[in-house]
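For reference, the structure discussed in these notes is given below.
The values are calculated or read from the model by the stated rules, or taken from the named source; none is laboratory data. What you are looking at is a predicted structure, and each value in this text was computed from that prediction instead of being measured. Because the Cβ atoms are built from the backbone with ideal geometry, glycine has one as well, and the counts that use them run over all protein chains shown. Surface areas here come from the heavy atoms of the whole protein model, side chains and all, with no ligands, DNA or RNA. Shrake-Rupley method; radii C 1.70, N 1.55, O 1.52, S 1.80 Å.
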Amino acid sequence: MEGDRVIRTVCPRNCYCTCGMLVTVREGRIVSIEGDPLNPATDGGVCLKGLSYVERISSPDRILTPLRRRLDGEGFDQIGWEEALDGITAGLKELRERHGPQAALFYEGSGNHGALSSLAEVFWNQYGGPTRAHGDLCWPAGLEASRLTYGDNLHNHPVLTRESRFILLWGHNPAETNVHQMRLILDARQQGASLAVIDPRSTDTTDAADIHLQPRPGTDGALALGIAAILEAEGLIDRSFLESTAVGVDPYLERARAFTPGRVAEITGVGVDEIRALAIRYGETRPALLIAGFGLQRHHQAGQTMRAVALLPALTGNIGVRGGGWQYANLASHGLRPPPLPPVPDRETRSFPTSRLGAALLELDDPPVRGAWFEKANPVSQHPRTDRVREALSRLDLLVVVDQFLTDTARMAHYVLPAKTLFEEEDLVTAYWHPYLQLRQKVLDPPGEVRPETEIWRDLCGRFGFDTHWFDGDRRELLRAMLPEGEGNLLERMESEPVVLKGTGEVAWSNRTFPTRSGKIEFRSEEAAELWGVDPLPSWEPLDEGSASTAAELWPLQLLTCKTRERIHSQFGNLDWIRGVDRPRRLDINPADARSRGLADGDRAVVWNDRGRVVIEVHLDHGLREGVVHVIEGRCREDDPWLNLLTDDGITDMNHGATFYECLVEVGRV
Amino acid sequence: MSRAGFILDLDRCVGCGACVLACRMEKGWSDETPWRRIVPFNLDRVPGGPTWHFSVACHHCEDPACLRACPSGAYERRADGIVVLDGERCLGCRYCEMACPFGAPVFDERSGIMMKCDFCHERVDNGHSPACIAACPVGALIRLTDEDLEATSPASIPGFIDPAGCRPSLRFREPGGNLREKRLEQLRKVLEQ
Ligand code: SF4
Ligand code: SF4
Ligand code: SF4
């Protein structure tokens, strides 16, 4: 309509797609959101979550003023910024005076991506360096495995998926979690490509597959080594490619040979013929693209598993090839330079692996953690061991949560500060699937009393008498300074299109230069052994808490808590628009497993192990592997289960990840 | 001009709901009055049967049951096939709701009249696609072409019936490949049993 403004921006969720968006504003309100047709990877699309921002930003549940918990602990009072920041300042000062800066925890999640987040450090570094968490709940083991193997995390431009002849998805469900990738896969399929999926569940992705293997969770490493052995036996290894580009191939193959088809079948619970058929079709068809999701690296042996899987494309000469490749994460857009920050005073930074949040807060001493600040995070829903997390948070003297909604974590806070949405401050957003760097242009002023986090940090710095010059001047100039040397003018280009940074090609590794220690693809990695104390060759052992462990005698079912299309973790599920199309959180269970426990569809069941128990409705899922149960993760509403009461706060073999899928349970009638 | 109508590619639709939300954004309906819905088939993945998501709205039928049933002449089928409902003339008697075998007209308690997918005729008149079609991220929901209209009928999907003889302008397309055949075969077997 006349007078409408259309602004190009980008969805900053922790999601593969990172869609460019065109937002239409009419009379100060957002009336529509469409995909940006100039982003070739997302091709003019967003998903239902991207569309739901229209509701989300003006949701009546949105927090628009600072809140302070009432003295009786029940509920919150709305207060002004002065009062809130005065109270928080006094609390943080007292912590520091009595116990030192490490008595405070600063925790930043991934709920809202943007380069300006780094400005939080301006405050915390001058505060003296708080306690921090390192690692990540989601994907770090796979990142490290990829890096150790190829030297970096890069992959082909997504649109080249269309040129593939054989696509193997491993622990990945793009129909739900990377819907634009699904379009490309369906396009390839329409042109005759075959699709194979390895997933213990049946999903909308496996429905489209020609081959579907359903191994026991945690056995993917054995499956990958077994496939390597079959490829060798069938003469499907690309020796000429490997000769000049790889090291350690022979010891790797020797290791793989121990994983005979019969043994792998026994470990994985998948038939010998099925494994052979997959291996041979993958090895024979070129170009073949292997895309690994995050699902197969949520257990203690994550890194070693991912190394075994990541090597298959190298073994078959599919690296540096259009339509082929190894696809896990593409960090081509991640070349931003953080602004020079104030130094942390001369003291060792104290940090713990993020998965251990609850335990660490309960156990850390000298000084104990007495105060915590969470932004873009909802650990009560998303961290393992909800019992420990809640216990730890309830003991704090000061808990500050910055969020848009009253999440499970925010409900426990002393102070809740309203967070801006993606539309309310300009920022730069990187991606991890397509190569584009995109400008998140500001669309609206924040509503109510909402202030961007950068304003909160500036204000706090002022109250502490810290240097605030980072916040002075134009935000745009700050962003410009983060772009690679000499590329500052990209910012203006990004107003009208997504950009790629210099030196990032369409086909990853086409120059066959690998920035590993040896400069080659590392089948054997001394670096892996040195850094992480693992076998230099990819290896597989049964999981401590796997289907073959002694714990399985008590708790014989493996619980998976997977992602879904209509939520990103604990976000979006509170919205009416989403509720209209989402599915209830139920316990998916194979009918045979249900029958032997006297459970029928729609029954209430209790799911338990030695960590916790959850009551939930049963859903018979004929497509799910026996011995595996599944519930969609993420708690957004009162009626969602507390799944992470059941999951363990373990740490992956590499890079400090979490072990959500190494979780045995038993299920019974209520 | 080709006739207004939808093609749903059952091999592509992953039931993501973007079309439903796009419609809601465009038309501003509430929870109780959805103009577009996803009707899932076999979400339990009973062996042998395919799992499908039917994204459905008004089918803009050739011989619309709603129009036939309406006592006040509130329905009109435009020359381009779009079946529109004139809210000004709607009495709120809900005859059309009862007549339409596909549940397209919905009663809005607040205004006391019916509502229905209007094929985004304003967008269409301005040369755009309907909002749901524009939003489908996998290209499963597309605008009907004359070719598809001729080539297939909704009855090619076992179980899809047209009890009132409305002749819906809806087609389920086979995009090529063997996938749909494979799933159809499965479904026929299940229905035969
Ligand atoms: S959540 Fe993901 S798919 Fe949806 S709009 Fe945002 S980036 Fe795109
Ligand atoms: S947007 Fe497309 S894929 Fe998603 S439910 Fe609708 S028709 Fe199906
Ligand atoms: S054509 Fe328009 S009104 Fe009809 S379902 Fe699609 S978006 Fe809704």
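Between A:R493 and A:E74, with labels modelled 7 Å along Cα→Cβ, what's the label distance in nm to one decimal, could you check?
Between A:R493 and A:E74, the label points sit 6.0 nm apart.
What distance in nm lies between label points placed 7 Å from Cα along the C-beta direction at B:S129 and B:T152?
1.6 nm
Using a 1.4 Å probe on protein heavy atoms only, how many Å² of accessible area do A and B hide from each other, summed over both chains and rounded to 100? Before the final figure, lay out the partial values.
On the way: alone 24570 and 9890 Å², together 31710 Å².
For A against B, buried area totals roughly 2700 Å².
Which cross-chain or sequence-distant (5 or more) residues have an amide H under 5 Å from the amide H of A:E617, H modelled 1.01 Å from N in plane?
A:L587, A:A605
What are the ³J(HN,Hα) couplings of region B:56-65, residue after residue, when phi is run through the Karplus curve with 6.51, -1.76, 1.60 and θ = phi - 60°? Round to Hz, x for glycine and proline.
10, 9, 5, 8, 6, 5, 5, 10, x, 5
In terms of the Cα gyration tensor, with a ≥ b ≥ c the square roots of its eigenvalues, is region A:5-56 rounded because a/c is under 1.5, prolate because a/b exceeds b/c, or oblate?
Values: a/c = 2.33, a/b = 1.45, b/c = 1.61.
Because a/c hits 1.5 or more and a/b fails to exceed b/c, region A:5-56 counts as oblate.
First compute the accessible area of chain B with a 1.4 Å probe, then give the percent of it belonging to carbon and sulfur atoms.
Working: 4270 of 8430 Å².
C and S fraction of accessible area: 51 percent.
So what are the ³J(HN,Hα) numbers for region B:66-74, from phi and the Karplus equation (6.51, -1.76, 1.60; θ = phi - 60°), rounded to whole Hz, Gly and Pro as x?
4, 5, 4, 7, 6, x, 10, x, 7
Quick one: of A:K563/B:K116; A:K49/A:K376; A:K502/A:K563; A:K93/A:K376; A:K49/B:K27; A:K376/A:K442, which pairs are farther than 26 Å apart, Cα to Cα?
Distance filter (> 26 Å) returns A:K563/B:K116; A:K502/A:K563.
How shielded is A:103-113 by partner chains, expressed as the average number of their Cβ atoms within 10 Å of its Cβ atoms? List each step's numbers first, then the result.
Numbers: counts 0, 0, 0, 0, 0, 0, 0, 0, 0, 0, 0.
Partner-chain Cβ atoms within 10 Å, mean over residues of A:103-113: 0.
Counting only other chains, and only Cβ atoms inside 10 Å, what mean value do you get across the residues of B:18-28? Walk me through the intermediate numbers first.
On the way: counts 12, 3, 5, 16, 6, 1, 9, 11, 2, 0, 2.
Per residue, the number of nearby Cβ atoms from other chains is 6 on average.
Hey, can you rank A:633-639, A:225-231, A:106-112 by average C-beta count inside 10 Å, highest first?
A:225-231, A:106-112, A:633-639
Report ³J(HN,Hα) in whole Hz for each residue of region A:477-482, in order, from the Karplus equation J = 6.51 cos²θ - 1.76 cosθ + 1.60 where θ = phi - 60°; Gly and Pro get x.
Values, residue by residue: 5, 4, 5, 4, 5, 7 Hz.
At 222 nm, what helix-only mean residue ellipticity would the protein assembly as shown give, in deg cm²/dmol to the nearest 500, using -39500 (n - 2.57) for each DSSP H run of four or more?
On the way: 30 runs with 242 residues, N = 863.
The helix-only estimate for the protein assembly as shown comes to -7500 deg cm²/dmol at 222 nm.
Averaged across A:617-623, how many Cβ atoms of other chains sit within 10 Å of each residue's Cβ atom? It would help to have the intermediate numbers written out before the result.
Working: counts 0, 0, 2, 3, 4, 7, 7.
Per-residue shielding by partner chains comes out at 3.
Can you give me the distance in nm between label points at B:V46 and A:R579, each placed 7 Å from the Cα along the Cα-to-Cβ direction?
Taking the two extended label points, one gets 3.1 nm.
Take the solvent-accessible surface of the protein heavy atoms, probe 1.4 Å, and return the percent of it on chain A that carbon and sulfur atoms account for.
Ligands and nucleic acids excluded, carbon and sulfur give 46 percent.
Amide H to amide H under 5 Å from A:H172: which residues, 5+ apart in sequence or cross-chain, H placed 1.01 Å off N in plane?
A:I198, A:G293
Show me A:613-625, A:415-427 ranked by packing, highest mean number of other Cβ atoms within 10 Å first.
The densest-packed peptide leads the list: A:415-427, A:613-625.
Taking amide H positions as placed 1.01 Å from N in the peptide plane, with prolines and chain starts having none, which residues 5 or more places from A:V10, or on another chain, fall under 5 Å of its amide H?
HN-HN under 5 Å from A:V10: A:M21, A:Q441.
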